[in-house]
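In what follows, a structure is listed as structure tokens, so that the remarks can point back to it.
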Amino acid sequence: MAAVRFGLMALLLCLFAGAARAQAPGEQHVDITLVAESERPVAGGEVTLALASVPEKGWHAYWLNPGDAGLPARAEWTLPSGASVGEIRYPVPQRLLIAGLMNYVYEAPFAPLVTLKVPAGASGNFPVKVHLDYLVCTDAICVPGKADLSTVLQVGDGTITADRRAQFDAWRAALPRPLGAQGSYQVENKALRLAIPFPAAAKAEGEGYFFPATHGAFDYAAPQKVTRDGDRVLVETGGVKAVGPIEGMLAFGKQGYWVKALPGPVPAARAAPAAAPWSAAVLAFFGAVLGGLILNIMPCVFPILSLKALSLAKANAEGGSPRAEALAYTAGVIAVCLALGGTLLALRAGGATLGWAFQLQDPRVILILLLLVAGIAFNLAGLFELSAPGFVNRAASRGTGGAFATGALAAFVATPCTGPFMAGALGAALILPWPAALAVFGGLGLGIALPFLLLGFVPPLRRLLPRPGAWMETLRRILSVPMFLTALALAWVLGQQTGVAGMTIGLGAALLATLGLWWTGLRQRRGKALAWLPAGLLVLAALGAIAWLRAAPAEAKQPSGAEKFSEARLAELTAQNKPVFAYFTADWCLTCKVNENAVIETAAVEKAFADNQVTVLVGDWTDGDPALGRFIERHNRAGVPLYLWYKPGEAEPRVLPQVLTQAMLQDLAAGK
């Protein structure tokens, strides 16, 4: 019956459209403007474009799935060679019921967004054109519209004006957010029950509704019952038309969440009271604390923690203030975790697809870390000693100021690492209310600082530390080795992000900064005035390199026998019932590189995959590809690494732990 109604409606639309065009030729009834977030996009980068649309009063345009009637807009782009655009992303639509037909429409101003990729070799003028075919309607008539829009950008430095940034932030805020977990649905007697994971503590204002993007999934006009049931949302409706994967948007008022659901068991709503509103936040908090505690044994954090061990050993025997230092260290760790978490939440609220350790996608941040780590390494090696207050000096000596700085540096360097318990906790934080999300990020910092907090407040534990002596100078020299290795790793990451030229700039900047610090220490020992002037000049010259540094786009490198990840390729392989191992990595993720070199790319694992015809797909997230970011989020992860095993015949992948073993992958390949 619904199909008959749709056919009749489509025929009426065509008749009305012809009449309307005869009566009012040239009237489009919706004003559309092509707007670029930056008029000066960077070569090799991306720029967001908006199709700012204002329907005439009494008229409406359509969402990507128009519902029972209507047509979505079609776009044909004309771009310079090498350029490309992604899918059009729509804000939450309105519901409009006409003659028993449900339509998903926009009656107020709205702005679909699309991402334009600028090729690396672009320069000068960059013309962008798009031809749009769309449909606009009133309650009585419809008019097919056309629009030819264009703008000429100038390839430059990526400058965005404050007004334009605020405008695009508002448009991004209207887009649906991706949910980190996949839903499931069950059909009984043509009635559908859809379960969507949604933390009980997550804020949801307004009436709930599920907008299906999958065409023909169920009767659009059928009433929906949307209820919160603990850490999930249940959607119940009737008139199911088809089975298979369902994608769509769960909306509460004007806030939407994008979700994908597969057939599976869906228990009915529980008769018992729902979980306490903050239960999900509490579980995520303790998961973050435990994950942060485990980070202390990860190789990317140990070099910084060694500095604090020296400080506590001195404070234990020299009448220092171990408790004050422990509190200062904890404050430094938590402050940085809260700052990074708050920035991440703010950027995501503005529409960006980012995850944990997002700042390491910027090569300038890597350069700053390289300068800091190189300076600390040479300080520990004995190249210079600075008696005046300074970050490098304080980080290698005792005192609350140094403890706070050491804690801040430890938290910042720890961000590339992801361990057990941490991934799920941070994934949940991304959709919790911001106070609960910040509490989770604070819990991560508390976990990182917990060992030193215990050492500071439990005297018997401090007494286990060795007494200071001449051995400490030898230990300092030894501890410079992991710091130099960390600096070497950062230089390698910089080279991966920016090419040989960028790595050369980074090493040159580190050399300048180190020479400045050495010269300063030399002048201080000789009692020279203005001892800090040489360091200031050279450090400024080193930091000046940051402004010139640009990421050099490069093809992701796959190990032998692996393929570049794409959702289309994954769908093709799973449809053929082939085993697939998909993993997501980044050059700045030390945990990822350890797993790859020690497990994934070993001869034993590669042979097991080859013998059992396992396809390996690699997703490189070094540059923060938003498409990969959205896929990672759908698996309840806030960043990399992510390891997925797709067993033949099973729709859902198995999410593997962040620490892999060769035996684990060999057993999976053999079907054990």
Gain on full stretching of the segment that runs from residue 474 to residue 129 - 0.36 nm per residue minus C-alpha separation: 117.6 nm
Note, ³J(HN,Hα) from phi for region 507-523, Karplus 6.51, -1.76, 1.60, rounded to Hz, x at Gly and Pro: 5, x, 5, 5, 5, 4, 4, 5, 4, x, 5, 5, 5, 4, x, 5, 5
Qualifying GluC sites (Glu not before Pro) for region 574-672 [loop in DSSP, other Cβ within 10 Å: at most 12]: 650
Accessible surface ranking that places the most exposed of 647, 607 first, with a 1.4 angstrom probe: 607, 647
Long-range amide H partners of residue 563 with built H, under 5 Å: 616, 617, 618
Karplus 3J(HN,Hα) series, Hz, for region 163-172 with 6.51 cos²θ - 1.76 cosθ + 1.60 (x for Gly, Pro): 5, 5, 4, 5, 5, 6, 4, 5, 5, 5
Amide H contacts of residue 177 (H built 1.01 Å from N, under 5 Å, at least 5 apart or other chain): 256, 257, 258
Rounded if a/c under 1.5, otherwise prolate or oblate - region 574-665, Cα gyration tensor axes: oblate
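Taking the highest mean first, how do the peptides 158-170, 445-457, 500-512 order by number of other beta carbon atoms within 10 angstrom per residue?
Result, highest mean first: 445-457, 500-512, 158-170.
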Student exercise, region 87-166 dipole from Lys, Arg, Asp, Glu Cβ charges, in Debye to nearest 20: 180 debye
Shape box of region 76-170 [Cα atoms, principal axes, largest first, Å]: 54, 28, 18
Of all accessible heavy-atom area on region 122-200, the percent that carbon and sulfur account for (1.4 Å): 49 percent
Unsatisfied cross-links (Cα-Cα over 26 Å) in the set 146/225; 57/146; 260/578: 146/225
In order through region 35-50: 3J(HN,Hα) via Karplus (6.51 cos²θ - 1.76 cosθ + 1.60), integer Hz, x for Gly, Pro: 10, 9, 5, 10, 7, 10, x, 7, 4, x, x, 10, 9, 8, 10, 10
Heavy-atom accessible area ranking, 1.4 Å probe, most first, across 480, 81, 184, 150: 81, 150, 184, 480
Mean separation of Cα contacts under 8 Å (6+ apart) over length of region 55-107, as relative contact order %: 50 percent
Three-way shape call for region 124-242 based on the alpha-carbon gyration tensor, with the a/c threshold at 1.5: oblate
Amide H contacts under 5 Å for residue 248, placed H, 5+ residues apart: 213, 259
Accessible area of residue 635 in the full protein assembly, 1.4 Å probe (Å², nearest 10): 30 Å²
Extension gain, residue 602 back to residue 672 (0.36 nm per residue minus Cα-Cα distance, nm): 23.2 nm
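The values are calculated or read from the model by the stated rules, or taken from the named source; none is laboratory data. Since the structure is predicted, the reported quantities are computational estimates derived from the model, not experimental observations. Positions of Cβ are generated from backbone atoms using ideal geometry, with glycine treated the same way; all protein chains shown enter the neighbour counts. Note: accessible area is taken over every heavy atom of the protein model, side chains too, but ligands, DNA and RNA are not part of it. Shrake-Rupley method; radii C 1.70, N 1.55, O 1.52, S 1.80 Å.
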